[in-house]
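A quick write-up on the structure given underneath.
What follows is calculated from the coordinates using simple rules that are stated; it is not laboratory data. This structure is a prediction, so every number in the text was calculated from the model and none was measured. FYI the Cβ positions are ideal-geometry reconstructions off the backbone, even for glycines, and counts take in every protein chain you see.
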Amino acid sequence: MPEKQDTRKVTPRSQDFAEWYNDIVQRAELADYSPVRGCMVFRPDGFAIWEAIQAELDRRIKRTGARNAYFPVLIPMSFLKKEAKHVEGFAPEVAVVTHGGGKELEEPLVVRPTSETIINHMFAQWIHSHRELPMMLNQWCNVLRWEMRTRLFLRTAEFLWQEGHTAHATREEAERETLTMLEVYRGFVEEYLAIPLIVGKKSAAERFPGAEETYTIEALMGDGRALQCGTSHFLGQNFAKAFEIKFLDESNQLRFAWQTSWGVSTRLLGAVVMVHGDDQGLRLPPLVAGTQVVVVPIYRKPEEEAAVMASARSIAEALQAADLRVQLDSREGLTPGFKFNDWEMRGVPLRIELGPRDIASGELVFARRDLKGAEAKSKAAISEVTVRAKTVLGQIQKSLFDQAKAALASQIREFDSYSALRKQLEGEGGGGFALVYWCGEPACETKIREETRATCRAIPIGQSGAGGKCIVCGKSAADRAYFAKAY
RNA sequence: CGGGGUGUGGCGCAGACUGGUAGCGCACUCGCUUGGGGUGCGAGUGGUCGCCGGUUCAAAUCCGGCCACCCCGACCA
């Protein structure tokens, strides 16, 4: 049971989104700042969401054939330097260990910012034959990147993630794997986190250092800015060549492996907050909520208390027996109104109110977190509480997705003139995704970024349109791309 | 790393301009009261005012320096 928390109102979302976000994260007790700059503490309610994400995503990852392993947090400095683009991309943000055991180290060690190098070093030793391919590993771990500017969950120096690394015999198979994982992420984030996505390829400028192609899932936050929620990279043979991952194929030819890597991080928690939260607090999709149902007992006199608590307890037990994550709010000395607000702040999807009246009538009150006002409340027969709760939780999951989907749809705009695009992005807020034809030239992308601060978020895959004219230079453009201001 | 802001009980703030030995709200403890949308009343606990130095009989307050954190930008999951 949580502690009673302070009762200050949160900063309204519409007034100051960044303040609102910090308020929610801390008052819903998801996380707190640490004594070390840029690092954060995951509190139990926040970590529970990560655990729910891990449990389901781990299942989905394993279903594709990958297995979990664990590689060390410390990597020889020289490893990072083996792939030119990779070191260029990560060198500025690595933390380096120079001393150990009271002595200066022979070779400095970096705290992993990602594990491509150490994993591929091991791959080179493990892979000799096409019979050993594909090799598909995943690890759940922490990584460290010395970020200039940090925000709880969205960008912290240390963060938790899973990173998958695979090696394949052919380009085609590796490319297929890249897209398979992209689809695993899309399915998981949309179905579990109820966050609708834009899916596509990254531009060269936004590509992972060392990758040949990067694919992304992008979501829209409540303030109209985009957030990259996961990436899947086709690495080609870049790392295989740098780390000499070679195998003999069926015709006894020595070949370099084709590789992928892919990951999602605890940033997803920030996305959940920013997509679903409102001025009352957090709103959690039932599938990842640490507590899915809370039972709030209501009573006056001691004799009422006994009856209500007995009934509330048996209802909570029945829900629990049906595999729902339940809490019975038995805290004393707090009014029901206080508890209602408290659980709303914490984002619990379904609240059950139970008092003497309900026991007398055989019905209790359901209050849904996804709806507002009178609409949020309904009655359910006590005898059917388990079935009804499951049904309603399913509806809440869908309703949160539908609300977010509508918000996303309303924030996607197509432009065919640069001045109109610029006007939209420069306007107050300037949020949302702009869908425009782009020729693919970095110069045009740079112009948009410099003049509007929006970046290319994704280029949808497999566009079948007739093509059009680049919104910047007017030359012919095969594909359209999404641009947005991003976190 | 540039711009802005803030550092005073656990949290949010006042006090600073005009130096005089620290105050308010919330939280916390105890008692009563109340309980279907943040109950009410009373009594309490808790602070060397971010750090270092200077001015002064006297510094939260004035002066100098430093540090930390937050927000906005550039860079990035």
Inter-site label distance for A:Ile461 and A:Arg449 at 7 Å from Cα along Cβ, in nm: 2.4 nm
Binned Cα-Cα distance frequencies in the range A:17-276 - 5 Å width, integer %: 1, 6, 13, 16, 19, 17, 13, 8, 5, 2, 1, 0, 0
Förster radius 41 Å - calculated FRET efficiency between A:Asn341 and A:Trp140 (Cβ-Cβ, nearest 0.05): 0.70
Förster radius 35 Å - calculated FRET efficiency between A:Ala55 and A:Ser314, Cβ distance, rounded to 0.05: 0.80
Percent RCO, i.e. relative contact order, over the range A:412-484, from Cα pairs under 8 Å lying at least 6 residues apart: 38 percent
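Find the relative contact order for the range A:356-487 and round it to a whole percent, using C-alpha pairs within less than 8 Å whose residues are 6+ positions apart. Display every interim value, and only then the final one.
Details: 177 pairs, mean separation 25.7, N = 132.
Normalised by residue count, the contact order of the range A:356-487 is 19 percent.
What does the extension gain come out to for A:Glu106 and A:Leu334, with contour length at 0.36 nm per residue minus their alpha carbon separation? Write out the running numbers ahead of the final one.
On the way: separation 228, 0.36 × 228 = 82.08 nm, distance 6.07 nm.
Taking 0.36 nm per residue and subtracting the Cα distance, the gain is 76.0 nm.
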Chain A: translational diffusion in µm²/s, Stokes-Einstein, Kirkwood Rh over Cα pairs, 37 °C, 0.692 mPa s: 133 µm²/s
Two-site FRET efficiency, A:Ser419 against A:Ser476, from Cβ-Cβ distance with R₀ of 25 Å, rounded to 0.05: 0.80
Between the range A:415-487 and the range A:78-116, the Cα center-to-center distance that results, in Å: 37 Å
Relative contact order (%) - chain A, alpha-carbon pairs under 8 angstrom, separation at least six: 14 percent
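Which length gain, in nm to one decimal place, applies between A:Asp32 and A:Leu254 when the Cα-Cα distance is subtracted from 0.36 nm times their residue separation?
Extending this stretch completely gives an extra 74.7 nm.
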Karplus 3J(HN,Hα) series, Hz, for the range A:431-441 with 6.51 cos²θ - 1.76 cosθ + 1.60 (x for Gly, Pro): x, x, 9, 9, 9, 9, 6, 9, 6, x, 6
Aspartates and glutamates whose Cα lies under 19 Å from that of A:Lys447, excluding same-chain neighbours fewer than 8 positions away: A:Glu206, A:Glu414, A:Asp416, A:Glu426, A:Asp479
Pair A:Ala322, A:Ala91: separation of 7 Å Cα→Cβ label points (nm): 6.0 nm
Theoretical gain in end-to-end length, A:Ala84 to A:Thr391 [0.36 nm per residue, Cα-Cα removed]: 105.2 nm
In nm, spacing of pseudo-spin labels at A:Gln125 and A:Ala360 (7 Å Cα→C-beta vector): 7.5 nm
Pairwise Cα inverse-distance average, inverted: Kirkwood Rh of the range A:406-487 (Å): 12.6 Å
For chain A, share of DSSP beta bridges that run antiparallel, in % to the nearest 5: 80 percent
Charge-dipole axis of the range A:254-329 as Lys and Arg at +1 and Asp and Glu at -1 on Cβ define it, positive-most pick from A:Gln327, A:Leu269, A:Pro302: A:Leu269
